[in-house]
Amino acid sequence: MSVDRPHDVALEIAVWEALQHVIDPEPGISLLDLGLVQSVAVTDGRAIIELALTTPFCPLVDVMEHMVRDAALDVPGIRDAEVRLVDGPWKPPAAAPWRRWLDETMPP
């Protein structure tokens, strides 16, 4: 976070909150709850969001990038948003703790 720029920090928080409502179309779970959003940085109204994928060959990558970008751009004060894909495989432990517990208790 940009602690030296309070306005940017407020916008980063607002972007994180907006991303909570972005749902991965396949499992129907928030990208944040899955642990797919790795970071959010805002400088002068420009958001950079790092996004991991559940699989390197995710067929919905374009859809997810578009949803993340749109959610960030819906935040008042965000004038530009870039989604960067993060290398490396996503692992279920990256998911929110309550989500891991819920998934373990659900039948297949």
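Odds and ends about this structure:
- Using θ = phi - 60° and Karplus 6.51 cos²θ - 1.76 cosθ + 1.60, couplings along segment 41-49 (whole Hz; Gly, Pro as x): 10, 10, 9, 6, x, 10, 9, 10, 10
- Here the Karplus curve 6.51 cos²θ - 1.76 cosθ + 1.60, taken at θ = phi - 60°, turns the phi angles of segment 23-37 into couplings of 9, 5, x, 6, x, x, 10, 4, 4, 5, 5, 6, x, 7, 7 Hz, with x standing for Gly and Pro.
- With all protein chains modelled, accessible area of Ile13 [1.4 Å, Å²]: 80 Å²
- Near Ile29, the amide H atoms lying under 5 Å from its own belong to Asp24; only residues 5 or more places off or on other chains count, and H is placed 1.01 Å from N.
- Annotation: amide H of Glu82 within the under-5 Å range of Ala47, Ile48, Ile49, sequence separation 5 or more or interchain, hydrogens built in the peptide plane.
- Summarising the amide proton neighbourhood of Ser39: residues at separation of 5 or more, or on other chains, whose placed amide H is nearer than 5 Å comprise Glu50.
- Computed over protein heavy atoms with a 1.4 Å probe, the accessible surface of segment 35-78 works out to 47 Å² per residue.
- Rounded percent of accessible protein surface that carbon and sulfur make up, segment 7-60, 1.4 Å probe: 60 percent
The values are calculated or read from the model by the stated rules, or taken from the named source; none is laboratory data. Note that the structure is predicted; figures quoted are calculated from it, not measured. Each accessible area value is taken on the protein alone, full model and side chains, heavy atoms only, with ligands, DNA and RNA left out. Shrake-Rupley method; radii C 1.70, N 1.55, O 1.52, S 1.80 Å.
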